[in-house]
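Taken together, the values in this text are just the output of simple stated rules run on the coordinates, not laboratory data. Keep in mind it's a predicted model, so treat the numbers as computed, not measured. Counting neighbours? That spans all protein chains shown, and the Cβs are built from the backbone with ideal geometry, glycine included.
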Amino acid sequence: MKIEHILRNNYRIMNTAKAHEFRIKCPSCNNVKQKCYVNCIKNVYRCWHCGESGSLYKFIRRFHSEIDLKSLELEKTSMSIKSQFKTPMALPEGFAPFFSTERESPMLDACVEYLYERGLNYDMIKDYGMGYSRRFAHQVVVPIRNTMGKQVYFSTLTIDKKLAFPHNPSISDNYFSKGDILFNINRISPSTVVYLTEGIFDCISCVKSGKQAVALLGKEITDNQIELLLSLGMTEIAICLDGGEVTSTYKMAKKLKRYFDYVYICLLPEGKDPNDLDLTDYLLPYIEDLKLYLPKDKNKDLLNKFKSIFKKPLT
Ligand SMILES: [Zn+2]
């Protein structure tokens with residue numbers, strides 16, 4: 001179903017100077033001046049009266065929950081599921097999952113010992129389908145799946161940096177790249193907040209402590225990655241980059257605030273990553289233009305005071 005069709009069925013539409021932009025009565029503030037602009041190319045909306053804004057996924061979810069998000073046909077622009085049409089990056093030649101019955105990996109002991117040291121157990125290694133390929137010696141190959149659970153990309157975890165052959169999987173624009181995927185996205189549901197971490201181990205340690213998490217495989221979030229989260233109906237996001245990444249965190253929070261109802265930030269102390277700490281101690285709601293500086297442990301009281309100001313319980 002096209003967004004224009006949904007608008008025509010539900011609103012009295014005013015045209016704007018742009019062919020794919022419409023003005024409607026804002027379903028949030030109901031201001032009679034029809035100050036809510038819906039852009040069907042950028043797939044975003046904004047009310048200039050009350051400030052309500054976001055992606056068209058959010059618009060439908062919030063104001064037209066009777067419509068199935070999957071039936072929504074958005075324009076294939078920067079904020080659409082462009083990456084759906086890319087070619088999956090096949091697992092490397094000779095890939096075999098650890099503990100597979102057919103083949104015992106020659107690196108099994110070293111790899112598994114490394115993963116155990118990093119806090120994984122047998123079930124998790126099997127569950128994530130981690131394995132080994134001769135092409136990436138001294139590395140663990142981690143399959144990465146799309147929202148439907150299909151493997152579309154892979155990443156590697158390096159056991160020994162001195163011995164590892166560098167993994168550079170970019171082939172061409174037609175293939176899935178790092179910016180089109182989120183590690184663990186196939187296990188996410190919109191019921192609670194999802195933590196965005198940099199690395200795979202950070203993500204897994206969040207999952208181990210009962211949180212929902214995905215790994216960005218970097219310090220930035222792309223439009224395609226945002227799209228993946230929106231397509232699942234996510235409304236609450238917690239940014240949890242490595243310690244000291246204050247600028248990257250705020251940059252990301254500012255971007256995400258346009259699309260998600262609740263954005264939290266975790267500013268971890270320098271040198272720490274999500275594996276080391278109880279993240280709930282560091283979780284704060286993001287408020288635009290209100291900058292908080294890197295909390296040191298001694299500032300905990302201040303943080304708690306700050307948190308108590310907000311009525312929304314932190315999960
Ligand atoms: Zn409004």
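Each part reduced to its alpha carbon centroid, the stretch 9-28 and the stretch 165-242 end up 34 Å apart.
FRET efficiency for residue 62 and residue 110, Cβ-Cβ distance as r, R0 = 45 Å, nearest 0.05? Given R0 = 45 Å and the Cβ-Cβ separation, E is 0.35. One decimal place: the segment residue 208-residue 41 gains 56.1 nm when fully extended, by the rule 0.36 nm per residue minus the C-alpha distance. With 0.36 nm allotted per residue and the present C-alpha distance subtracted, the residue 121-residue 71 stretch has 14.1 nm of extension available.
Sites listed here are trypsin sites (Lys or Arg not before Pro) in the stretch 181-211 whose DSSP assignment is loop and whose Cβ has at most 16 other Cβ atoms within 10 Å, and the list is empty.
In cubic angstrom, how much convex hull volume per residue do the alpha carbon atoms of the stretch 3-78 span?
Details: hull volume 6.7 nm³, N = 76.
Spelled out: Cα convex hull of the stretch 3-78, divided by residues, is 88 Å³.
Once both labels are positioned 7 Å from their Cα atoms along Cα-to-Cβ, the gap between residue 18 and residue 48 label points is 1.2 nm.
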